[in-house]
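Here is the structure we will look at, set down as structure tokens.
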Amino acid sequence: MSIHRLLARMVLAVCLALGATLANAQAQTNAPEALLKRLVEAGQAEKTDLLKALSETGDERARGWLEAVRDGKLAMIEDTGALVIVVNNRGRNWQIADALTGEDLGEMSRRDLQSLRVNNALRADIEGILSVIDLTVADPGQRLDAARNLLGEVNEALATQLQARLQVEDNGQVRDMLTNALAIYQVEQGDVEAVATLSGSLNPTVRAALNNAVNSDDPALAAAAEKALASIEQKLKLNRAAETLYFGLSLGSVLVLAAIGLAITFGVMGVINMAHGELIMLGAYTTWGMQQLFPGQPGLALILSIPAGFLVAALAGIAIERSVIQYLKGRPLETLLATFGISLILQQLVRTVISPLNRTVVTPEWMSGSIMVNEALSLTLNRLYVIGFALVVFAGLMLIMRKTRLGLEVRAVTQNRAMARSMGIKATKVDIMTFALGSGVAGLAGVALSQITNVGPNLGQNYIIDSFMVVVFGGVGNLWGTLIAGLSLGTINQLLEPWAGAVLAKIMVLVLIILFIQKRPRGLFPQKGRAAEG
Amino acid sequence: MATSQTWLLRPFQERSTQLFLGVLFAALVLVTFLHLFMPEDSALHVSAYTVTLLGKYLCYALLAVAVDLVWGYLGILSLGHGAFFALGGYAMGMYLMRQIGDRGVYGDPVLPDFMVFLNWQELPWYWQGFDMAWFAFIMVLLAPGLLALVFGFLAFRSRVTGVYLSIITQALTFALMLAFFRNEMGFGGNNGLTDFKDILGFDLRSDATRLGLFLATGIALAVGYVVCRAIVTSKLGRVSVACRDAEARTRFLGYRVERVQLFVFVVSAMLAGVAGALYVPQVGIINPSEFSPLFSIEIVVWVALGGRATLYGAVIGALLVNYAKTVFTGIMPDAWLFALGALFVLVTVFLPKGIAGLLQKRRQKDDDQPGAQEATA
């Protein structure tokens with residue numbers, strides 16, 4: 001206690017000394033310290049002006065003081081008159097810090113402290129002053145946020161300040177935002193010309209201001225506002241369409257990822273692998289396992305799971321091919337049944353060994369969040385990554401099938417097995433490699449899916465029917481067909497969703513595909529020539 | 001008239017059909033006797049619970065026969081027969097719902113409970129008429145039959161066969177499952193239809209009604225079996241086997257393949273519907289899970305285990321697998337999916353002709369007639 005007193009006295013002494021030396025100079029009354037002092041003694045009316053003066057000193061501590069005043073945390077030690085900021089005001093003893101130096105002054109009984117009183121009017125004023133302070137910071141992002149906060153909050157005093165600020169602001173986005181903030185104020189004042197400034201904006205506050213203006217008594221203003229609103233509505237519609245397209249592409253790329261492995265095993269090899277969904281699930285669980293191996297580093301784990309997921313699923317695929325599928329060559333319906341059995345076993349295995357419940361896979365920081373294109377449209381990052389990943393995987397597969405020895409052999413074996421073998425191609429080896437490739441890609445799909453959906457034993461089941469639909473819709477044996485079919489099915493689904501609901505949209509897409517297959521049994525891009533069977 | 005009679009009566013002259021019907025009726029009589037005349041504490045007494053369980057198995061057996069008809073004799077692997085089964089079941093369920101009348105929880109004389117719960121004011125048009133038994137029983141045949149007719153007409157006309165057909169039948173039942181899960185469909189959403197009270201005036205909870213339903217199912221299975229046998233032994237049946245083995249060749253010989261396929265497919269769907277209709281009053285509930293692709297594909301494995309293209313094999317398979325399911329899920333529920341999965345793999349790899357194939361092989365060995373081999377693809 002006595003130490004605090006002592007410290008407080010010392011501070012007081014310093015302050016007094018400072019005050020004494022500076023008392024004579026005229027400029028000194030506007031020094032931040034002096035202003036702060038006057039603030040404590042000033043009446044409510046005077047406070048706003050003092051705070052404003054404080055902010056105009058350009059002192060970098062001004063922000064902290066203003067916030068402290070707003071939160072009622074600026075206080076004076078009764079004995080000494082020294083100003084302190086209350087760091088923690090819980091309990092009997094409050095923790096305080098020197099208002100000028102920020103030095104920790106320990107704790108002091110709250111009875112010895114006199115807090116600065118603030119009312120709501122003052123608080124609102126402080127908010128305005130704070131926004132103006134934020135408009136001067138170096139980081140354009142912060143300036144933009146501050147300007148956005150000003151939308152609809154501008155009053156007469158602020159308007160003149162904003163106009164001054166506009167002259168010096170060099171960032172285009174911030175300028176636009178400030179102009180909008182000003183224009184809202186002007187529209188509120190009945191300025192018809194300012195409406196034109198607002199007509200391009202997508203901000204909800206702007207729309208609210210315009211909606212108010214539509215109901216105004218001035219017919220010219222109302223008409224102008226109505227027109228501006230209509231053009232905004234038009235723009236919003238476009239943005240909504242863009243958003244739907246984005247969701248559609250994102251769903252579509254998920255479908256492509258899930259189906260592209262199947263396009264290899266089913267489309268190219270002609271093997272019906274009903275366990276494909278479970279290979280996807282294995283990939284997703286690999287991601288989860290990797291994150292358990294590297295706790296606290298979800299990003300690293302995710303990147304490592306890309307090769308790991310591929311390997312795990314590819315090995316599982318080889319095991320399935322060797323143990324079952326090779327014995328069922330040329331009996332597609334039996335293959336379907338046997339692989340379905342395998343899918344049941346794999347599902348139950350995961351349920352028994354890991355858990356029947358969903359596992360959480362952490363999304364690394366660089367994948368969460370979203371990119372804001374404009375006020376009405378923001379793109380979530382993880383979906384953007386999945387779209388990119390799907391395209392990369394697709395391009396990679398395309399390269400393998402077109403440009404490598406393996407791809408050449410695969411195509412040879414599918415077109416004419418006997419001929420390929422007589423040319424010295426080991427057909428059995430090619431079978432294994434192809435199946436491993438298709439399965440590995442399923443694993444990659446699982447890694448991607450773990451970022452956007454729940455990882456559980458039923459993960460694969462949810463995608464297997466969709467995947468088959470995509471492959472059949474696109475045309476069996478055609479990778480491009482799979483890509484286009486996946487993306488278009490995803491988009492159609494998203495287009496239908498707003499007015500049909502998620503479930504009905506899905507049903508409609510299924511029925512659509514069923515009908516489509518009746519019309520074109522070989523899909524969008526049927527194989528032609530010798531590759532086509534039958 | 002005379003030709004149709006011989007057509008329907010021909011199966012009765014076959015030894016296999018006689019044997020099958022004999023065993024079936026013996027089993028029905030035995031169960032009835034053991035249930036009615038054995039004292040309750042006797043080890044041989046068959047409880048009402050067991051009777052209902054057996055009745056359920058017989059429904060599955062009829063469903064398996066229906067699947068075997070299209071898969072075994074037409075070469076179409078339908079992964080959506082659960083949809084026809086469930087549609088028949090829903091038709092019956094709607095009748096049973098209407099029979100509840102004002103005995104429901106909310107006591108509404110017309111509307112079923114779930115509709116009152118959803119605040120519906122009147123019965124949707126497709127529920128009209130289901131208070132009459134004859135109408136409902138016709139719908140049991142018509143609903144799955146019509147779906148099969150439309151679906152089959154579109155599919156067979158454009159020559160969708162093989163794996164493609166399997167996949168779109170699966171998509172069909174999946175789409176129906178999603179649809180029936182919706183409350184707006186007016187079929188009780190994911191709770192389905194349940195809380196049935198009585199059928200044709202008989203209390204569903206009484207032992208006598210249960211025995212009656214069991215016997216009715218047995219008779220339905222016998223009739224279904226004979227109808228299928230009659231179809232496959234007729235000229236149409238032989239054309240259908242020809243479609244299975246060489247579709248293009250049959251077409252070039254001048255047969256309208258798609259008509260044969262459509263006819264057999266629709267008959268099979270109706271049989272599945274009947275199986276579903278008998279299943280619902282015995283189990284006491286019908287919900288969208290009957291539409292799930294897993295159930296449909298399970299039916300196929302019953303047939304595969306029993307042996308394709310034998311009909312009686314399908315019955316054996318259905319009974320065995322479902323008995324195993326009851327036992328497994330009772331003792332260790334986790335192991336059932338392992339067992340089922342293994343069954344899929346083992347049967348397709350090691351037992352392509354199923355149990356019936358094993359029986360035939362043994363008989364051939366006994367008879368020592370290597371020449372009489374049956375070609376099953």
Scanning region B:133-166 for residues that are within 18 Å of B:Leu87 (Cβ to Cβ), buried (at least 22 other Cβ atoms within 10 Å of the Cβ) and within 14 Å of chain A (Cβ to nearest Cβ) gives B:Ala148, B:Phe151, B:Gly152, B:Ala155
Assuming A:Val470 fulfils every condition listed in (1) crowded, with 18+ Cβ neighbours inside 10 Å; (2) more than 30 Å from the chain's Cα centre (by Cα); (3) at pLDDT 85 or above; (4) within 14 Å of chain B (Cβ to nearest Cβ) apart from one, which condition is it?
(2)
Taking region A:100-111 on its own, how many of its residues are surrounded by 13 or more Cβ atoms within 10 Å (Cβ to Cβ) and either assigned to a strand (DSSP E or B) or in contact with a strand residue (DSSP E or B) (Cβ under 6 Å, 6 or more places away or on another chain) (or both)?
5
Is it the case that some residue within region A:481-500 is farther than 26 Å from A:Arg240 by Cα, more than 9 Å from chain B (Cβ to nearest Cβ) and in a helix (DSSP H, G or I)?
yes
Just one listed residue, out of B:Ala242, B:Ala269, B:Ala248, B:Ala275, is more than 14 Å from chain A (Cβ to nearest Cβ), surrounded by fewer than 24 Cβ atoms within 10 Å (Cβ to Cβ) and of a type in the set (A, V, I, L, M), and it is B:Ala242
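Please go through region A:375-406 and give me each residue that is more than 18 Å from A:Ala442 (Cβ to Cβ) and surrounded by 13 or more Cβ atoms within 10 Å (Cβ to Cβ), ordered by number.
From region A:375-406, those more than 18 Å from A:Ala442 (Cβ to Cβ) are A:375-385, A:387-388, A:399, A:402-405; that's our starting set.
Passing the criteria: A:Glu375, A:Ala376, A:Leu377, A:Ser378, A:Leu379, A:Thr380, A:Leu381, A:Asn382, A:Arg383, A:Leu384, A:Tyr385, A:Ile387.
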Of B:Ser42, B:Ser16, B:Ser78, the only residue that is exposed (fewer than 12 other Cβ atoms within 10 Å of the Cβ) and either of a type outside the set (Phe, Trp, Tyr) or in contact with a helix residue (DSSP H, G or I) (Cβ under 6 Å, 6 or more places away or on another chain) (or both) is B:Ser42
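The rows are residues; the columns are (1) over 30 Å from A:Lys235 (Cα atoms); (2) touching a Pro at 6+ places or on another chain (Cβ under 8 Å); (3) modelled with pLDDT under 90; (4) aliphatic (A, V, I, L, M).
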{"residue": "A:Leu346", "(1), (2), (3), (4)": "yes, no, no, yes"}
{"residue": "A:Asn374", "(1), (2), (3), (4)": "no, no, yes, no"}
{"residue": "A:Ser378", "(1), (2), (3), (4)": "no, no, yes, no"}
{"residue": "A:Phe389", "(1), (2), (3), (4)": "yes, no, no, no"}
{"residue": "A:Leu399", "(1), (2), (3), (4)": "yes, no, no, yes"}
{"residue": "A:Leu408", "(1), (2), (3), (4)": "yes, no, no, yes"}
{"residue": "A:Lys426", "(1), (2), (3), (4)": "yes, no, no, no"}
{"residue": "A:Lys429", "(1), (2), (3), (4)": "yes, no, no, no"}
{"residue": "A:Ile432", "(1), (2), (3), (4)": "yes, no, no, yes"}
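Please tell me if A:Val476 is buried (at least 22 other Cβ atoms within 10 Å of the Cβ), at pLDDT below 90 and not in a helix (DSSP H, G or I).
Working: buried (at least 22 other Cβ atoms within 10 Å of the Cβ): yes; at pLDDT below 90: yes; not in a helix (DSSP H, G or I): yes.
Criteria met by A:Val476.
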Give the residues of region A:187-213 that are without any contact (Cβ under 8 Å) to a residue 40 or more places away in the chain, in a helix (DSSP H, G or I) and crowded, with 16+ Cβ neighbours inside 10 Å, sorted by residue number.
A:Val187, A:Glu188, A:Ala194, A:Val195, A:Thr197, A:Leu198, A:Arg207, A:Leu210, A:Ala213
With without any contact (Cβ under 8 Å) to a residue 40 or more places away in the chain and in a helix (DSSP H, G or I) as the only criterion, which of A:Ala242, A:Ala223 stands out?
A:Ala223
Among the residues of region B:167-183 satisfying the criterion of being more than 7 Å from chain A (Cβ to nearest Cβ) and among the polar types (S, T, N, Q), which is surrounded by the fewest Cβ atoms within 10 Å (Cβ to Cβ)?
B:Asn183
Matching helices (runs of 4 or more DSSP H) fully within region A:386-472 where at least 1 residues are β-branched (Val, Ile, Thr), farther than 16 Å from A:Ile280 by Cα and touching a helix residue (DSSP H, G or I) at 6+ places or on another chain (Cβ under 9 Å):
A:405-415, A:427-449
Name the pairs whose Cβ atoms lie under 6 Å apart, with the first residue in region B:339-352 and more than 7 Å from every other protein chain (Cβ to nearest Cβ) and closer than 13 Å to A:Arg331 by Cβ, the second at pLDDT 90 or above and part of a helix (DSSP H, G or I), and 6 or more positions between them or separate chains?
B:Val347/B:Ala304; B:Val347/B:Leu305
Checking A:Ser422, A:Ser450 in turn, the sole residue that is hydroxyl-bearing (Ser, Thr, Tyr) and crowded, with 18+ Cβ neighbours inside 10 Å turns out to be A:Ser450
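The values are calculated or read from the model by the stated rules, or taken from the named source; none is laboratory data. Everything quoted here is computed from the prediction, not taken from an experiment. A quick note on method: Cβ atoms are made from the backbone with ideal geometry, for glycine too, and the neighbour counts reach across all protein chains shown.
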